[in-house]
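Data first, discussion second: the structure below is written as structure tokens.
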Amino acid sequence: MRFIEALTGCVILAGTAPAAAQEPARIATESYSLPNGLKVILAENHATQVVAVDVWYNVGSRNEVAGRTGFAHLFEHMMFQGSAHVKKGEHMAMLERAGSEGFNGSTAEDRTNYYEPLPSNRLNLGLWLEADRMRSLAITDSSFQNQREAVKEERRLRVDNQPYSRSIFEEAYTLMDPKACFPYSHSIIGSMDDLNAARTSDVQAFFDLYYAPNNATLVVAGDFQPAETKRLIEQYFGSIPRNPRAIPPVTCDQRFGTGAVRREVKDPNANLPAVINIFRVPAYDSADYPALELLSVILGQGESSRLNRSLVRESKLAAAAPVLLNPFGPRRGPGELIAFAITNQGVAIDSLEHALAAQLGRVASEGVSEAELTKAKNSYRAGVITGRQTPLAVAEALQTASLFLGSPDAVAADFQRHMAVTAADIRRVAGAYLRPDNSLTLLVSAEAAK
Amino acid sequence: MTTARVLPLLLAFGASAAFAQAPTSPPPAAPVRPAALPPFQEAVLPNGLRLLVVESHEQPVVSMSLSFPAGGRYDPVGREGLADMVAGLLTKGAGGKTADEVSAAIEGVGGSIGASAGADFLTIRADALTPNLGLAFGLMADAVTRPAFAPAELSLLRTQTLSGLRLELAQPSSLASRYFARELYGANPYARRPVPKSIEAITRDDLVRFQRLRLRPGGALLVVAGDVTLATARRLAMKALAGWTGAAPVAARAAAPPARAATDILLVHRPGSVQSNIVVGNTTFGPTDPRFYALTLANRVLGGGAASRLFMILREQKSWTYGAYSDFTRPAGIGAFHANTEVRTEVTDSALREMLTQLRRIGSDPVPADELTAARDALVGSFPLSLQTADDVAGAVAQARLLGLPANYLATYRTRLAAVPAAAVSAAAHSAIRPDRAVIVVVGDATKLYDRLKAIAPVRLVDVDGNPLPPAQLTARAAALPLDLARLVPRNDSFTVMVQGRPFGYQRAVLERTADGLRYTEETAIPAAGVQQTTTLTLGTDGSMREVHQTGKAQGQDTKIDVTYAAGRAKGSATTPAQGGPKTVAVDTTVAPGTLDDNAIQALLPALPWTAGARWTAPVFASGLGTSLTMTLAVAGEESVTVPAGTFQVFRAELTGGPQPVTFYVTKAAPFRLVKVAIAGTPIEMQLAK
């Protein structure tokens, strides 16, 4: 970096307080399994009068095979259409009436989750609804066809209608090689052709295989009484039969550093062109992952991030320049670090592309300052601590540790490994992964490709 | 054993069996525990600042909010948006620190700071972990007492605000809510919204004056929630805000909203709109009105969620819309009720009738017990979910105190809601929801809506800029353009084709008089887009079309047009770019008298009688496509534009009715020269170079 920038960088951040040893409070948990294989994690806390029910099914787009993409996401819709004792439309109406807000489900590459925060006295309803649909989701020709239409509509609204969405929701997946790593080389929303070709029996088979208690983890977090809660879980979930068939293994042999790929993407909604650099990164449990998370903060999160200061505020080449790491959630396989810069009015896209590349390359060649490292750790710490305030966030933290690090007790270790990152680690991972030969560059604009 | 003795044993065994059967119906609610809201303590500092502290030591986080009676309602006339901009700039440099230094300081400790302005209050918020409370406090205090309002930051925020406004004003839902506020509130300041002109007018002096006048300890409220005590909060506040003085700013009395005697409809014409945005409502009451709880319940039943009447009927039953809702506001002044939806044009009148029916019904018919119970359960049940974090609590407590609600408002919210008798619900709805005296705003295609809406209530018709539109213009039949050819001065103009402000090509337009009339030649080149075209038009001395010839390339494909106009017919052939390759069309059709070729419009612009509000609808033949159209050219406004050839005062005119809406900028004074062309929905413009 230039002398003046190095000096300014130090002066600006000199006032930063070093890690003031604020540790997130330990989450007290109790874990066990039912005979049918359902994993249960309880995290009791009476700070609020809210309880969160959060079910993770160990299935995502990574489990889909060629010709059958989009199934995992289709289920996000089907699961709200009723089950043996819940009529269509009743699931959401019952939750609303019970005072639940912010209930939903989401599909990611590695897992599908369903959650409902509830006032404490309605925990029983949340558990009952999750059990009923785990046991007996209503899969009929008409509900399948209706939800296929709903998925198309969602795609129209989200992917086709929002600027830059197509790049993040679809194009980014070409980062991985479909022959070596099909699981992570296709989008979560899947192909409309595959969904159109699917039959109801295929959907039923997918449900039977993946939506079983021995493929699921139930977390209850917040204001509940353990004895009564265990009794309800046993009563509602106990008789759901396990799926005896083995889940097909997921294999991915993606190589890194296979060469730079650069492509133009036409997006009629992108009234300002954008350049998107996407780099392959390792799995969540990799030793390099925490350094990559902190690197993302330093590069592209917040007003004081490197990209915001240099590209948005100083050179004004960009209207915005965020950095995202695995936007849909952690993975047990190769993932993506996305540096995304939107041009300001009148700026040529190649100017921004070069400026962005220069900033990304600087970390490997010059490293980061101790002040930046401290900031990133403080930001991470504050995020974890403030996240502990709501039962739902606690539940999601436990689920994440359980699936990606092997146990809900890994939450504390996960925090520690982020605090142990050094400036040298960050420089090293930048050099290892933020390289042109490990990247996909998308140039997004509204006009026809030149 | 006899059966009689075995059976009870079997039943007893079944009840305790390892795999008890799950219930086949949802379990009933368990009893609700009484609300456990953390208590709060209040103090008034010597300088008049009210301090409120809510202690919660669950997590080492603290959330602060400092609110002032400095919202948008206090913007001076002509400076609407000032409060927003003051809020936006408070954290962009203060107390000797630049914006970068402020963000580095707060983000360096993993905290956050930000300010925003609503209609009544301007609030600055900060969050931090406990050890960094002093730092966050200091930054917040500097922001409100010593903001820098650096000119470069003002300039950047102004640009960003104008961009955001441009996007917002293009959205029909925003238009609907802006017009609704205006109609509802009239001379009351709640009617006003920022517009580009008001944002452009704001100066640094305005910002400084607003801050000095309105950001004072008197009348302000500081709420600190989380891992802190009253003593600590008071000490930090006194230290950070030492020397800050000032009594509460004087509140000018706001004009009362206009009283309404009847319902009418403001129809905002948005030509070609395939959907209509409907908003219906009326003003209600002040924040401490006792009808609040009853109206909350009534609103939930009527339109407060996916189980509500408006949603179930307009969406689930009739499939007219994705969503229909209602709500009512609770500002510091007089609030308002509204119901809104977005529907297909064809069902606009049906949807509006249904909305009015439901608005009447909620006040006239008692609400059935099951609907009321469902609404009550949802509202009571969800209350704790809105108060989970320190930030949630700080915000809720602040809002309650700023509105002058009693200290026990949050603690008693659920019980007071639960205690409202059924009769009070419809009574509150009857007095507060007034479809008989409502403001109705519909934004949509008036050509399809005007007559049908007139059957519901009297209609006032305006264009999207708010100018009154004579209904006759909706049915204006295409007539030959009133051209005055004497105004056409031979010319040789060069335009630069700009894409996003960068030159990408040129167009040369030459108009010459010939022995038979006029010849207009247009040569366009945009190399990057593969466009190279030359168009030649000839017209008779009376301005009638004679011939069109076009050759060249567009989008990499050949184009060729050769069409002759004679004796009321257009004849020839046209080859134009299309998806699968150039498409050739044979042309042989009658055309209405006075029909112009679409390529001729630009040539003939100077010959029109340009005035403010001018509007012409004319028959046009799109020779490239071989189709007849009716196009409308309407003056939408006046402005100043700067192009390479100079700065000009122009009329801005929109051409609609064709495949691509276009905006022409023509000088206000003779010779009505075309100085700029903008193609709607694209970043492409042509600017006069010489």
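Structure data summary
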{"quantity": "Vicinal HN-Hα couplings computed from phi for the range B:572-581 (Karplus, 6.51 cos²θ - 1.76 cosθ + 1.60; Hz; Gly/Pro x)", "calculated": "x, 8, 9, 10, 10, x, 8, 3, x, x"}
{"quantity": "Whole-percent pair-distance distribution, where bins are 10 Å wide, for the alpha carbons of the range B:323-378", "calculated": "18, 38, 35, 8"}
{"quantity": "Enclosed volume per residue, in Å³, of the convex hull spanned by Cα atoms of the range A:224-302", "calculated": "328 Å³"}
{"quantity": "Efficiency of FRET between B:L629 and B:E200 - r from beta-carbon atoms, R0 35 angstrom, step 0.05", "calculated": "0.40"}
{"quantity": "Estimated [θ] at 222 nm from DSSP helical runs (n ≥ 4, -39500 (n - 2.57)) normalised by residues in chain B, nearest 500", "calculated": "-8500 deg cm²/dmol"}
{"quantity": "Residue-by-residue Karplus 3J(HN,Hα) for the range A:401-406, coefficients 6.51, -1.76, 1.60, Hz, glycine and proline x", "calculated": "4, 5, 7, 9, 10, x"}
{"quantity": "Set of lysines near B:K454 by C-alpha distance (under 23 Å), chain-local residues within fewer than 8 positions excluded", "calculated": "B:K318"}
{"quantity": "Heavy-atom accessible surface of the protein assembly as shown: percent carbon and sulfur, 1.4 Å", "calculated": "55 percent"}
{"quantity": "Long-range amide H partners of A:D223 with built H, under 5 Å", "calculated": "A:N45, A:V50, A:V51, A:A52"}
{"quantity": "Centroid-to-centroid separation of the range B:294-355 and the range B:553-570 [C-alpha atoms, Å]", "calculated": "51 Å"}
{"quantity": "Rounded Å value of the spacing that divides the Cα centres of the range B:662-690 and the range B:139-190", "calculated": "29 Å"}
{"quantity": "Evaluated at q = 0.06, 0.07, 0.08 Å⁻¹: base-10 log I(q)/I(0), Debye formula over Cα of the protein assembly as shown", "calculated": "-0.59, -0.81, -1.07"}
{"quantity": "Rounded to whole Hz, the Karplus (6.51, -1.76, 1.60) HN-Hα couplings of the range A:429-443, x for glycine and proline", "calculated": "5, 4, x, 7, 10, 8, 10, x, 6, 10, 10, 10, 10, 10, 10"}
{"quantity": "Part-to-part distance (alpha-carbon centres) for the range B:455-500 and the range A:160-174, which is given in Å", "calculated": "39 Å"}
{"quantity": "Distance cut-off 21 Å, percentage of C-alpha pairs in the range A:261-445 lying past it", "calculated": "51 percent"}
{"quantity": "Cα centre as origin, Lys/Arg/Asp/Glu Cβ charges: chain B dipole, Debye", "calculated": "1100 debye"}
{"quantity": "Pair-distance profile P(r), taking every C-alpha pair of the range B:598-690, with 10 angstrom steps and integer %", "calculated": "16, 51, 29, 4"}
{"quantity": "For the range B:41-142, Kirkwood radius (reciprocal of mean inverse C-alpha pair distance, Å)", "calculated": "14.8 Å"}
{"quantity": "Solution diffusion estimate, µm²/s, Stokes-Einstein, chain A, Kirkwood Rh from C-alpha pairs, 4 °C, viscosity 1.567 mPa s", "calculated": "55 µm²/s"}
{"quantity": "Selected from B:I113, B:P131, B:Y74, residue furthest toward positive end of dipole (the range B:60-134; charges at beta carbon)", "calculated": "B:Y74"}
{"quantity": "Check: the protein assembly as shown dipole with +1 on Lys, Arg Cβ and -1 on Asp, Glu Cβ, in debye", "calculated": "1720 debye"}
{"quantity": "Within the range A:261-445: Cβ-based charge dipole about Cα centre, in debye rounded to nearest 20 (Lys, Arg +1; Asp, Glu -1)", "calculated": "120 debye"}
{"quantity": "Candidates per trypsin sites (Lys or Arg not before Pro) in the range B:198-270, loop by DSSP, up to 14 other Cβ within 10 Å", "calculated": "B:R253"}
{"quantity": "Within chain A, helix-based [θ] at 222 nm, where runs of 4 or more DSSP H residues each add -39,500 (n - 2.57), nearest 500", "calculated": "-12000 deg cm²/dmol"}
{"quantity": "Computed Kirkwood radius, in angstrom, where 1/r is averaged over Cα pairs of chain B", "calculated": "30.2 Å"}
{"quantity": "Furthest towards positive pole of dipole, B:S364, B:A509, A:T400, structure part the protein assembly as shown, Cβ charges", "calculated": "B:S364"}
{"quantity": "Pairs beyond 30 Å (Cα-Cα), from B:K197/B:K448; A:K179/B:K583; A:K152/A:K179; B:K92/B:K239; A:K88/B:K448", "calculated": "B:K197/B:K448; A:K179/B:K583; A:K88/B:K448"}
{"quantity": "The range A:77-130: trypsin sites (Lys or Arg not before Pro) in DSSP loop, at most 12 other beta carbons within 10 Å", "calculated": "A:K87"}
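The values are calculated or read from the model by the stated rules, or taken from the named source; none is laboratory data. From a predicted model like this one, the values you see are computed outputs, not experimental measurements. Note: ideal-geometry Cβ built from the backbone for every residue, glycine included; neighbour counts use all protein chains shown. Heavy atoms of the whole protein, side chains included, go into the accessibility calculation; ligands, DNA and RNA do not. Shrake-Rupley method; radii C 1.70, N 1.55, O 1.52, S 1.80 Å.
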